Amino acid sequence: MNVGDRHYRTIWLSDDGRSVEIIDQRWLPHDFRVEKVGTVAGIATAIRDMWVRGAPLIGVTSAYGVAMQMADDPSDAALDGVWEVLHETRPTAINLRWALDEMRGFLRPLPSEQRAQAAYRRAGEIADEDVGLNRAIGVNGLEIIKDIAARKQPGEPVNILTHCNAGWLATVDYGTATAPIYLATEAGIPVHVYVDETRPRNQGAQLTAWEMAGHGVPHTLVVDNAGGHLMQRGQIDMVIVGTDRTTADGDVCNKIGTYLKALAAADNDVPFYVALPSPTIDWTVGDGLAEIPIEQRSSDEVSLVWGKTANGEIAQVRISPETTPAANPAFDVTPARLVTGLITERGVAKASREGLKAMFPGR
Ligand SMILES: CSC[C@@H](O)[C@@H](O)C(=O)COP(=O)(O)O
């Protein structure tokens, strides 16, 4: 998508043919910084410390990490080693394991002298594929927005609530939850997005709001607790969120707080959609609550908040007593029964084993 008048992806191969350049999301919306990362250790840090984040982008970044390892040492042992090192950086997003499995499965049969070049090529393909998947999600989700718009007065916007950032910053381009929003905007369908701030790291306030502003999408930032109130007053037509892992039974794991939005949506008959590319489906698990590992992040993310001071400095402030402990589960699981539909690259599936199987018959 565009930053100013220039098109960017979130990650691209550097001119040296070996490193990648990434948009360093830690500084947004206050500062737009691009970082060059050229080592496996650097890739692990960028994923763990959330310079890049969002399930699809984590996957693509790890694929480039495998390629960097192959350029240093293309042995089987190194291939297994980089899989382990990168896999443990963030435990919940299944796209990480998907991309690492994809890279290892592709590289293993190749002679070691061919692996580095092939790995960079495959990582680039995975990045390109992500763009295509998200665009297709956008086309399928657009139909839902069009249906809602058709029931409104001409010019009246479709009000969409979203949580966290499942935007282009969370993918290579377009985003998942945001792809239908961008396509609706391009098609001239009036939309208005309520952006959940998404504590503790404020991905909504910092990233989704920045994206919406950058693309001229009318939007309003709300605190996480406002969603239920807005739904009770008929101010939300639909919810669209992303997901870090959706099970074969249709349970949806996503940023902490998503479950509460789904509960409020069900209580108010507001459709609750989840947008996801197929690499986000974990076909090996059924019960999301029992089987998905939930990342526990540092308590500092709860107790300390980043922002821009009046004199323009990007700084952290403490918002709770020094001695108060904080817990920071980063994701929660929304049971399939609360999900209206899964917007995939192939169409909108029912959130159930039957629904997903019908959409992906080979699985
Ligand atoms: C298309 S991104 C889907 C999810 O990864 C997104 O909704 C999300 O929860 C991101 O969490 P984050 O902790 O910022 O990586």
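Pairing each residue of the stretch 308-337 that is in the same structural domain as Arg199 (by TED's automatic domain parsing) and on the phi > 0 side of the Ramachandran plot with any residue that is modelled with pLDDT of 95 or more and open to solvent by less than 80 Å² (accessible area, probe 1.4 Å), provided the two are 6+ apart or on different chains, yields C-beta distances under 9 Å for Gly312/His30. Looking for something more than 16 Å from the ligand (Cβ to nearest atom) and over 29 Å from Asp332 (Cβ atoms) - is there at least one such residue anywhere in the stretch 58-66? Yes, the stretch 58-66 contains at least one residue that is more than 16 Å from the ligand (Cβ to nearest atom) and over 29 Å from Asp332 (Cβ atoms). The set of residues in the stretch 89-134 that are small (Gly, Ala, Ser), surrounded by fewer than 19 Cβ atoms within 10 Å (Cβ to Cβ) and in contact (Cβ under 8 Å) with a residue 12 or more places away in the chain comprises Ser112, Ala118, Gly124, Gly132.
One line per residue, one yes/no per condition, for (1) touching an Asp or Glu at 6+ places or on another chain (Cβ under 9 Å); (2) open to solvent by less than 50 Å² (accessible area, probe 1.4 Å); (3) not hydrophobic (A, V, I, L, M, F, W, C):
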position	(1), (2), (3)
Leu183	no, yes, no
Ala209	yes, yes, no
Gly216	no, no, yes
Gly228	yes, yes, yes
Arg233	no, no, yes
Arg245	yes, yes, yes
Thr258	yes, yes, yes
Tyr273	no, yes, yes
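Do we find that Ser298 is in the same structural domain as Thr198 (by TED's automatic domain parsing), open to solvent by 20 Å² or more (accessible area, probe 1.4 Å) and in contact with a helix residue (DSSP H, G or I) (Cβ under 8 Å, 6 or more places away or on another chain) in this structure? Spelling it out, it is not the case that Ser298 is in the same structural domain as Thr198 (by TED's automatic domain parsing), open to solvent by 20 Å² or more (accessible area, probe 1.4 Å) and in contact with a helix residue (DSSP H, G or I) (Cβ under 8 Å, 6 or more places away or on another chain). Selection within the stretch 150-183: residues that are over 20 Å from Pro200 (Cβ atoms), within 11 Å of the ligand (Cβ to nearest atom) and of a type in the set (S, T, N, Q). The member of this set that is farthest from the chain's Cα centre (by Cα) is Thr178.
Note on the stretch 296-337: among residues that are of a type in the set (A, V, I, L, M, F, W, C) and within 16 Å of the ligand (Cβ to nearest atom), the one that is farthest from His30 (Cα to Cα) is Val333. Total residues in the stretch 243-254 satisfying the condition of being out of contact with any strand residue (DSSP E or B) (no Cβ under 6 Å at 6 or more places or on another chain) and under 16 Å from Thr178 (Cβ atoms): the figure is 0. Say we look at the stretch 247-256 and pick out the residues that are buried (at least 24 other Cβ atoms within 10 Å of the Cβ) and either among the β-branched types (Val, Ile, Thr) or outside the structural domain of Gly288 (by TED's automatic domain parsing) (or both); which of these is farthest from the ligand (Cβ to nearest atom)? Once the filter is applied, the top-ranked residue is Thr247. If a residue counts only when it is over 23 Å from the mean Cα position of the chain (by Cα), which strands (runs of 3 or more DSSP E) contained entirely in the stretch 275-363 have at least 3 such residues? Output list reads 314-318. State whether one or more residues within the stretch 59-68 are out of contact with any Pro (no Cβ under 7 Å at 6 or more places or on another chain), free of Cβ contacts under 8 Å to residues at least 24 places away in the same chain and outside the structural domain of Ser298 (by TED's automatic domain parsing). No, there is no match, as no residue in the stretch 59-68 is out of contact with any Pro (no Cβ under 7 Å at 6 or more places or on another chain), free of Cβ contacts under 8 Å to residues at least 24 places away in the same chain and outside the structural domain of Ser298 (by TED's automatic domain parsing). Within the stretch 234-250, residues that are more than 21 Å from Ile294 (Cβ to Cβ) have Cβ atoms under 6 Å from residues that are open to solvent by 10 Å² or more (accessible area, probe 1.4 Å) and assigned to a loop (DSSP other than H, G, I, E, B) in these pairs: Ile236/Val270; Met238/Pro271, counting only partners at least 6 apart in sequence or on another chain. From the list Ala310, Ala326, the one residue that fits, being open to solvent by less than 40 Å² (accessible area, probe 1.4 Å), farther than 30 Å from Ile181 by Cα and aliphatic (A, V, I, L, M), is Ala326.
The values are calculated or read from the model by the stated rules, or taken from the named source; none is laboratory data. Remember, it's a predicted structure, so these values are computed and weren't measured experimentally. Cβ: placed from backbone, ideal geometry, glycine included. Neighbour counts: every protein chain shown. The protein model used for the area step is the full one, side chains on, heavy atoms only, and it has no ligands, DNA or RNA in it. Shrake-Rupley method; radii C 1.70, N 1.55, O 1.52, S 1.80 Å.
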